[in-house]
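Undergrad: One structure, pasted below without further comment.
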Ligand code: SF4
Ligand code: MG
């Protein structure tokens with residue numbers, strides 16, 4: 001069952017009178033109920049903007065976002081309220097998203113109050129239940145965000161998102177700010193919750209190692225574009241796009257001998273500015289395999305293998 005359908009989404013921010021930042025410049029993908037789609041790329045590639053535009057924090061510049069078949073920008077009344085209840089977001093820095101003057105119970109119940117659900121006596125019971133669900137204790141309800149560790153704060157952020165019985169959660173780098181030892185705990189919690197509650201996730205991260213254990217499918221983003229999208233298994237075993245290869249080669253291998261012998265692909269130069277993205281292929285200024293055609297013709301987004309999408313001239317026409 002298709003839950004979300006993003007078609008040719010663009011989000012451009014005006015910079016001055018004559019220039020725009022092309023933060024997201026034409027991405028298309030679908031998310032199916034119960035799955036996790038990982039979205040990966042370096043900072044500034046447009047992955048957070050994509051997430052925020054889906055949840056309607058930003059207006060689209062072009063393209064459409066359909067949730068259960070309905071254009072999210074055209075939702076009104078009951079359907080609109082239901083969308084804001086069933087689609088929730090978890091942020092990278094839970095401390096920034098939790099009001100420091102509100103105790104944990106207030107942080108978690110804020111959405112319930114706004115949406116007028118679980119009122120009265122039921123409200124605090126619900127908060128206790130949510131705290132236990134995310135591995136905290138009811139005694140934590142009266143404490144304040146600064147009294148918690150980063151991992152605990154992310155658990156509070158997750159409890160807050162769960163308070164409204166969501167079906168789809170956009171997690172924007174939920175583990176990037178956490179210690180490595182805590183990252184796996186939060187990922188495991190999210191996986192358990194997904195199984196128990198049939199949740200669907202868009203899981204945003206800046207490197208492939210972080211999304212590996214949670215994603216069913218992964219999209220790789222570069223400079224406002226998704227350049228490759230397929231199942232996690234395919235992406236790790238048979239990556240097609242040169243940029244995916246770069247990201248994969250950056251993942252450390254635990255075995256020191258293997259690590260030593262491994263060839264790391266170093267790409268030259270900086271990520272170009274999204275104000276003036278390169279002509280043709282967005283990755284061409286750093287691509288080790290760039291050809292003449294890459295400078296003039298934008299590669300098309302195509303299904304190179306069943307369920308395996310890529311935009312790169314290496315997989316087009318005679319090169320197939
Ligand atoms: Fe590299 Fe050309 Fe493929 Fe772009 S289209 S990734 S520049 S080979
Ligand atoms: Mg970001």
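Any read-out appearing in this document is the output of simple, stated calculations on the displayed coordinates, not a laboratory observation. Source: prediction; values computed, not measured. For neighbour counting, all protein chains shown are included, and Cβ atoms are generated from backbone atoms with ideal geometry for every residue, glycine included.
Undergrad: So how do 212, 2 line up by other beta-carbon neighbours within 10 Å, fewest first?
TA: By the 10 Å Cβ count, ascending: 2, 212.
Undergrad: Further question: For the stretch 43-122 and the stretch 4-42, what is the centre-to-centre distance using only Cα atoms, to the nearest Å?
TA: 17 Å
Undergrad: For the stretch 58-103, what are the per-bin percents of Cα-Cα distances with bins 5 Å wide, up to the bin holding the maximum?
TA: Cα pair-distance distribution for the stretch 58-103, in percent: 5, 16, 20, 18, 15, 15, 9, 3, 0.
Undergrad: Over the stretch 1-115, what portion of Cα pair distances is larger than 19 Å, expressed as a whole percent?
TA: 55 percent
Undergrad: If neighbour count is taken as other Cβ atoms inside 10 Å, put 227, 271 in order from fewest to most.
TA: 271, 227
Undergrad: Counting only Cα, what are the radius of gyration and maximum Cα-Cα distance Dmax of the chain, in Å?
TA: Using the Cα atoms of the chain, the pair Rg, Dmax is 20.7, 68 Å.
Undergrad: Okay, which of the stretch 196-226 sit inside 16 Å, backbone N to the point 7 Å along the Cα-Cβ direction of residue 70?
TA: none
Undergrad: Hey, how much of the P(r) for the stretch 191-260 falls beyond 18 Å, as a percent of Cα pairs?
TA: Cα-Cα pairs of the stretch 191-260 separated by over 18 Å account for 43 percent.
Undergrad: In µm²/s, what is D for the stretch 201-320 at 25 °C and 0.890 mPa s, where D = kT/(6 pi eta Rh) by Stokes-Einstein and Rh is the Kirkwood radius from Cα pairs?
TA: 161 µm²/s
Undergrad: Using Cα pairs under 8 angstrom and six or more residues apart, how large is the relative contact order of the stretch 2-319, in percent?
TA: Dividing the mean separation by the residue count of the stretch 2-319 yields 20 percent.
Undergrad: A further question on this structure: Which ordering of 10, 17 is given by a fewest-first count of other beta-carbon atoms within 10 Å?
TA: 17, 10
Undergrad: Report relative contact order for the stretch 116-230 in percent, whole number only (criteria: Cα-Cα under 8 Å, sequence separation at least 6).
TA: The normalised contact order for the stretch 116-230 reaches 19 percent.
Undergrad: Based on alpha-carbon atoms only, what is the radius of gyration of the stretch 72-215 relative to the globular estimate 2.2 N^0.38 Å?
TA: 1.02
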